[in-house]
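Input: a single structure, listed below in C-alpha cells.
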Amino acid sequence: MKQSKIEWTELTWNPITGCTKISAGCKFCYAEVMSKRLKAMGVDKYKDGFKLALHEPVLAEPYTWRNSKIVFVNSMSDLFQKNVPIEFIRKVFTVMNENPQHVFQVLTKRSDLLLEYDKQKLLKWTHNIWMGVSVEDERVKHRINDLRKTKAKTKFLSLEPLIGPLPKLNLKKMDWVIVGGESGRRPRKMEPEWVLDLQEQCNAADVAFFFKQWGGTNKKKTGRILKGKTWDEMPEFPELFQD
Ligand code: SF4
C-alpha cells in the first residue's frame with residue numbers, strides 16, 4: 001500500500017508490477033519510468049524493472065488496512081495483460097470481494113480480455129469494484145463497448161492522457177469519466193475544446209465528471225481549474241458495505 005498523489009484515489013495497491021505498451025496512451029508510461037527508477041534504487045519489488053512480476057504476499061495487504069480506503073489497483077501495471085494467469089486475477093478479485101469496506105478501482109487498456117473473462121463468468125463483481133478502461137483517442141474507443149458489456153457494477157473511463165478529441169461518445173451505463181492532459185518532458189497537447197465537449201457529454205448523460213489536470217511540462221502551473229473551478233465528481237457508492 002502506498003499513499004497516492006493521484007487526485008482521484010487515496011492509495012495504490014500493486015499485486016502485480018510490470019507491463020508492455022499497447023497503444024498511443026502508453027508512449028510516456030509513468031509506471032515504466034518509475035519501475036526503472038525503483039529498480040535502480042535497489043527496491044526488491046522492482047528488481048525485474050518493468051517486466052511483469054506477480055507479488056503473492058501483497059495480496060494480504062487490504063485485510064490489514066484500517067478504515068475504508070479508495071484504492072487504485074495496479075497503478076504500476078495492467079491486470080488484464082494476457083500473461084497474467086487467470087488464477088492470479090481471480091485471487092485479486094477474491095481479495096476485493098472479501099474487503100467490501102474498501103473501494104477498488106481497476107483500470108485496464110486490455111478490454112478484450114476483461115470482456116472475455118467476464119463472459120466466461122470468471123470474475124465476481126461486488127459493489128466495491130469500480131471497473132474502468134483507458135481511452136486516449138478515437139482509435140481505442142471500442143474499449144468502452146467492451147466495458148459496457150461486462151457485469152461490473154460501477155464502470156468508469158479514464159480519458160488520460162487525452163491526445164485527441166472524443167466527440168459523441170456512447171456513455172450509456174458509464175458512471176464516471178476522468179479527463180486529464182499529458183504531463184512530462186514532451187507532453188502531447190490537449191485542446192480545451194476537447195475537455196469542454198466531454199464535460200457537456202457527461203452532463204447530458206448524467207455521468208460524474210472529474211477533471212484531473214491540464215498537464216504540460218509544468219503541471220503544477222497549469223493546474224486543474226476548468227471554467228473557474230475544480231471538478232471532482234465521483235460515482236456514488238451507497239451499497240459499499242452491504243456485499
Ligand atoms: S497499459 Fe498502462 S502500465 Fe501498461 S504500458 Fe500502457 S500505460 Fe503503462
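Nothing in this text is a laboratory measurement; each read-out follows from the coordinates by a stated rule. Since the model is a prediction, treat every value here as computed from it, not as a measurement. When we count neighbours, we look across all protein chains shown, and the Cβ atoms used for this are built from the backbone with ideal geometry, even at glycine.
The set of residues in region 73-87 being more than 20 Å from Asn97 (Cβ to Cβ) and either more than 9 Å from the ligand (Cβ to nearest atom) or without any contact (Cβ under 8 Å) to a residue 60 or more places away in the chain (or both) consists of Asp78, Lys82, Asn83.
Of all residues in region 1-36, which are within 14 Å of the ligand (Cβ to nearest atom) and either more than 30 Å from Arg139 (Cβ to Cβ) or of a type in the set (D, E, K, R) (or both)? Selection gives Lys21, Lys27, Glu32, Lys36. Among residues of region 101-117 that are in contact (Cβ under 8 Å) with a residue 40 or more places away in the chain, those with a beta-carbon under 9 Å from a residue that is within 16 Å of the ligand (Cβ to nearest atom) and of a type in the set (Lys, Arg) at least six positions away or on a different chain give the pairs Lys109/Arg143; Arg110/Lys82; Arg110/Arg143. All conditions in (1) charged (D, E, K, R); (2) surrounded by 16 or more Cβ atoms within 10 Å (Cβ to Cβ); (3) in contact with an Asp or Glu (Cβ under 8 Å, 6 or more places away or on another chain) hold for Arg148, with the sole exception of (3).
Per-residue answers, yes or no, for (1) polar (S, T, N, Q); (2) surrounded by fewer than 12 Cβ atoms within 10 Å (Cβ to Cβ):
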| position | (1), (2) |
| --- | --- |
| Gly181 | no, no |
| Arg185 | no, yes |
| Leu196 | no, no |
| Gln199 | yes, no |
| Ala204 | no, yes |
| Gln213 | yes, no |
| Lys221 | no, yes |
| Gly228 | no, yes |
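Considering (1) acidic (Asp, Glu); (2) within 13 Å of the chain's Cα centre (by Cα); (3) part of a helix (DSSP H, G or I), the lone condition that Asp118 does not fulfil carries the number (2).
A Cβ distance below 9 Å, combined with a sequence gap of six or more or placement on separate chains, defines the contacts here; from region 21-40, residues that are within 13 Å of Met76 (Cα to Cα) and touching a residue at least 60 places away in the same chain (Cβ under 8 Å) reach residues that are near the ligand (Cβ under 10 Å from one of its atoms) and in a helix (DSSP H, G or I) in the pairs Cys26/Glu32.
The conditions of being over 23 Å from Arg224 (Cα atoms), within 16 Å of the ligand (Cβ to nearest atom), among the polar types (S, T, N, Q) and within 17 Å of the chain's Cα centre (by Cα) are not met by Thr150. Within the option set Arg143, Arg186, Arg148, Arg139, being part of a helix (DSSP H, G or I) and touching a residue at least 60 places away in the same chain (Cβ under 8 Å) holds for one residue only, Arg139.
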